[in-house]
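Comments concern the structure below.
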Amino acid sequence: RTQVITIMRLFLHGQSPTSTLLAQLNESRQWKVTSLYLSSWSLVSSQDEDEVSLLSALSKFLQQHQGMTEVILRNCSGDNLMELIFLILHSSPQALTIRYDQQQHLPRSISLAFVHGCQSRVQRLNLEGITLDPDLLEAFGFSLPEKWRNLTTLSVKGKILLRDADKGVSILGHRNDSESYFALEDSANRLSSLLMELPNLKCLELENCHFDDEQLAMLTDSALASSDIHTLNLRGNQCQEVTMDILSKHLRRPEATVETLDLTWQRLPSEAASTPLPRPTMNSAPKFRATQPMNGIPLLARALKTNTSLRNLILSENKIQEVDIEILTEALVANNTLESLELKDCRLRSNSLRCLANSLPKLRLKTLQIDGCQKLSPRHEEKALRSLFLLPLANNQHMEDLGMNYRSQSIDWLLDWNRSGRPEVDQSQIPSSLGPTLAGMHGHLFQMIAS
């Protein structure tokens, strides 16, 4: 009996040797490909014999591998990409990724292919390094939501980091002029209409799209109102009070579905996070100011007190004020279902970290990440973190991973002890550095450790 060999991912870089390889694969039925990765294809002229031969071989290959798990196009270019996209769409892949290493607008040839193509079987659509604008949304047929009725994951990720934008690099959407600003607002309106027509959507990622608070609130509301979103990634936008209010209302509902919420870096480049972006006129552009603390934490905390759906909350790379940390920790104590909280690079001062540490014995979190840039003196950081967190961690039986800029044998031992369910241990197994800390503890915990 002929044995079928499964290729988990077939990587084809450039088209020079590809025609021969595809021809060899087409001649044999012994190969099964689940994922196809096309990198740096440049299709310039459909009249070129080599190109015609390549597309013919690819067409036959795709016909033999209907329903592949994933097709990835990376840095593909040329005026005749439309035929390539047609071939891929008709092979009915479950997931389609179009990726560019350098930020750019979607090539028109790809746009035309998606306007007229069949996308109804695509379940996961990932766009990386492509500027989100009205032309893109029109190109992908987002005005025809029936083409995307099976979509469960929609991911749009910009390649331009906000840190780079702060240094003067052109930002996603080029929103430093009024014409581009209104184009981005048009994009938000179109995308909002699409999200209201996707009942099967489970994962929405709008990363580094630079939507302002009102635009992001509209998109979030549309997605949460029309589908059971489990993962919501809003990194690199401006989630402040308006969007936080939408999120808070959803998370307070008994039927809330969001399990992972990523609110990393919620402000626009070089702009005051607490100040709404002024609507520009045709003769004036928005004025960017120094970054201010993240707003809306009390609204989020209010929802956390009663929410039972959220498992992972990411607030990293936001400047969070001490008063908001106090409100947040109070809500975390009341929450029994949140498992992971990330506060990396939040520039937390010692009082904020002390507030977190003091609440640790009452928290049911399994993971807490507070490493990265915090407002502690580098000379005394390790000593301060040890004095703040060691004893509270000993009184917490749920914490399994504590990420901070200080690790020790004592903390690692306590975390391992928690992971194993805190069984009774012999005193000789306890690190000597942990002994003085535990010696002052009373009650059942100390008796169990020292038994």
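The values are calculated or read from the model by the stated rules, or taken from the named source; none is laboratory data. Bear in mind that the values here come from a model prediction, so they are computed numbers and not experimental data. Ideal geometry is used to build each Cβ from the backbone, glycine not excepted, and the neighbour counts take in all protein chains shown. Each accessible area value is taken on the protein alone, full model and side chains, heavy atoms only, with ligands, DNA and RNA left out. Shrake-Rupley method; radii C 1.70, N 1.55, O 1.52, S 1.80 Å.
Points worth noting:
- Tally of residues being modelled with pLDDT of 80 or more, open to solvent by 80 Å² or more (accessible area, probe 1.4 Å) and polar (S, T, N, Q) across the range 25-52: 0
- Subset of the range 95-112 that is within 20 Å of Thr153 (Cα to Cα) and touching a Ser or Thr at 6+ places or on another chain (Cβ under 8 Å) - its residue that is most open to solvent (accessible area, probe 1.4 Å): Leu106
- Taken over the range 46-88, the criterion of being part of a loop (DSSP other than H, G, I, E, B) and either closer than 21 Å to Thr153 by Cβ or of a type outside the set (Asp, Glu) (or both) is satisfied by Ser46, Gln47, His65, Gln66, Gly67, Met68, Thr69, Asn75, Cys76, Gly78, Asn80.
- Unmet requirement for Tyr100, which otherwise passes all of (1) in contact (Cβ under 8 Å) with a residue 40 or more places away in the chain; (2) at positive phi: (2)
- Only one of the listed residues (Ser77, Ser56, Ser92) is under 15 Å from Phe114 (Cα atoms) and surrounded by fewer than 21 Cβ atoms within 10 Å (Cβ to Cβ). That residue is Ser92.
- Residue in the range 61-70 that is β-branched (Val, Ile, Thr) and open to solvent by less than 40 Å² (accessible area, probe 1.4 Å) present: no
- Qualifying positions in the range 205-221 - open to solvent by less than 10 Å² (accessible area, probe 1.4 Å) and assigned to a helix (DSSP H, G or I): Gln215, Leu216, Ala217, Leu219, Thr220
- One residue stands out among those in the range 222-236 that are hydroxyl-bearing (Ser, Thr, Tyr) and farther than 17 Å from Ile314 by Cα: the one that is surrounded by the fewest Cβ atoms within 10 Å (Cβ to Cβ), which is Ser226.
- Verdict on Glu326 being assigned to a helix (DSSP H, G or I) and either modelled with pLDDT under 90 or not aliphatic (A, V, I, L, M) (or both): yes
- Residue count for the range 409-451, restricted to those that are within 15 Å of Phe389 (Cα to Cα) and either at pLDDT below 90 or over 42 Å from the mean Cα position of the chain (by Cα) (or both): 6.
- Count of residues meeting criterion [of a type in the set (A, V, I, L, M, F, W, C) and either open to solvent by 60 Å² or more (accessible area, probe 1.4 Å) or over 22 Å from Leu261 (Cα atoms) (or both)] in the range 316-352: 1
- Any hit, the range 184-204, residues being modelled with pLDDT under 85 and assigned to a loop (DSSP other than H, G, I, E, B): no
- Scoring Ser19 on the criteria (1) in a loop (DSSP other than H, G, I, E, B); (2) modelled with pLDDT under 85 leaves a single failure, condition (1).
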